[in-house]
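Each reported figure results from applying straightforward, stated rules to the coordinates on display, with no laboratory input. Computed from a prediction, not measured in an experiment: that's the story for all the values here. FYI the Cβ positions are ideal-geometry reconstructions off the backbone, even for glycines, and counts take in every protein chain you see.
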Amino acid sequence: MRINGKDIEMVPPMTLKDLVAGSGYCEDRVAVELNGRIVPRSEYVNVALDNKDSIEIVGFVGGG
């Protein structure tokens, strides 16, 4: 699996929700692209991941 440009080996079964939480991101402060498609947050729990997937996770940061 490729996450943010880095290859990693995942241990199935894993959902997108598991990956986001396990990566230390706050689920309501990220956008996720899976294989070139933006995934709605409401679908994270239903999306099963595969070692062939390519994922981009973008975290939103507040500031001022």
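Taking the Cα centre of region 2-59 as reference, the dipole from Cβ charges on Lys and Arg (+1) and Asp and Glu (-1) amounts to some 80 debye. Could you point to the label whose value was computed as Cα extents along the principal axes in Å for the structure here, given [x] 30, 18, 16; [y] 33, 24, 22; [z] 39, 24, 21? Answer label, from the structure shown: [z].
Placing unit charges on the Cβ atoms of the charged side chains and taking the dipole of the chain about its Cα centre, the candidate lying farthest along the positive direction among MET1, LEU16, GLY59 is GLY59.
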